[in-house]
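Chemist: Please find one structure pasted underneath; my questions will follow.
Every number in this text was worked out from the coordinates using simple rules, so none of it is lab data. Everything numeric here is computed off the predicted structure, so don't read it as measured data. Here Cβ is always computed from backbone atoms with ideal geometry, including for glycine, and neighbour counts include all displayed protein chains.
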Amino acid sequence: MDKNTLMELLNSGESINSISKKTGKSLTTVRYWCKKFELKSKHQQFKEVGEKEYGEHRFCPSCKENCNIEDFYQRRGKQNSSTYCKKCTSIQTIKRTQNLKKLMVEYKGGQCEKCGYNTYIGALEFHHLNPKEKDFHPSQLKKYTFDDRVKKELDKCILVCANCHREIHSKMVVPLGFEPRIED
């Protein structure tokens with residue numbers, strides 16, 4: 001492979017992969033000649049320094065928009081290096097969380113075990129029968145996979161609507177100075 005041609009392609013910002021496709025040479029061959037001529041792509045140069053060049057905008061593959069560099073989260077210690085913009089990352093996180101809750105509610109029967117309420121999934125909650133056995137609270141999971149660990153914890157709970165959950169807790173502890181209203 002010709003050193004000048006290779007150097008020209010690398011200086012124009014081409015990657016090793018795109019040079020391979022343009023020249024019809026294998027990726028291994030292009031790497032071999034780059035190493036032999038002591039040439040590096042821009043990506044390899046930034047990788048050595050531990051930085052990645054972004055510029056003022058980046059393309060988000062989820063929303064298919066060019067977003068400002070500040071619209072990307074820090075990832076693995078690198079500023080603005082997340083794959084998706086903050087808006088798309090939030091949307092994906094919400095979807096994964098909602099899907100996990102749907103699976104957990106379905107696993108527990110899909111309705112309040114006290115009154116049968118099943119209209120809105122957001123009003124359904126998990127109540128631990130014995131708080132001392134609680135390893136974690138299902139609604140505070142920092143993962144999105146429905147696995148045996150989640151099932152094991154759900155088996156310690158009952159599924160109740162928000163109203164029934166409050167009633168359960170009000171019978172457990174009566175706050176000082178609070179007199180329950182007794183109807184005649």
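Chemist: Which links in Lys114/Lys156; Lys3/Lys40; Lys114/Lys143; Lys108/Lys171 stretch past 19 Å when you go from one Cα to the other?
Modeler: Details: Lys114/Lys156 16 Å; Lys3/Lys40 12 Å; Lys114/Lys143 29 Å; Lys108/Lys171 23 Å.
The answer is Lys114/Lys143; Lys108/Lys171.
Chemist: So for region 98-172, considering every pair of alpha-carbon atoms, how many percent are separated by more than 15 Å?
Modeler: Values: 1420 of 2775 pairs.
Value for region 98-172 (Cα pairs over 15 Å): 51 percent.
Chemist: I need the peptides 125-134, 103-112 ranked by packing, meaning the mean over residues of other C-beta atoms within 10 angstrom, with the highest value on top.
Modeler: 103-112, 125-134
Chemist: Continuing with the same structure: With label points built 7 Å along Cα→Cβ from the Cα atoms of Asn118 and Glu70, find their separation and express it in nm.
Modeler: Rounded to a tenth, the inter-label distance reads 4.9 nm.
Chemist: Also: Using a ≥ b ≥ c from the Cα gyration tensor of the chain (square roots of the eigenvalues), is it rounded, prolate or oblate, where a/c under 1.5 gives rounded and otherwise the larger of a/b and b/c decides, a/b for prolate?
Modeler: In terms of gyration-tensor shape, prolate.
Chemist: Now, a different point. Going by amide H atoms built from the backbone, whose H comes under 5 Å of the H on Asn80, apart from near neighbours?
Modeler: Gln74, Arg75
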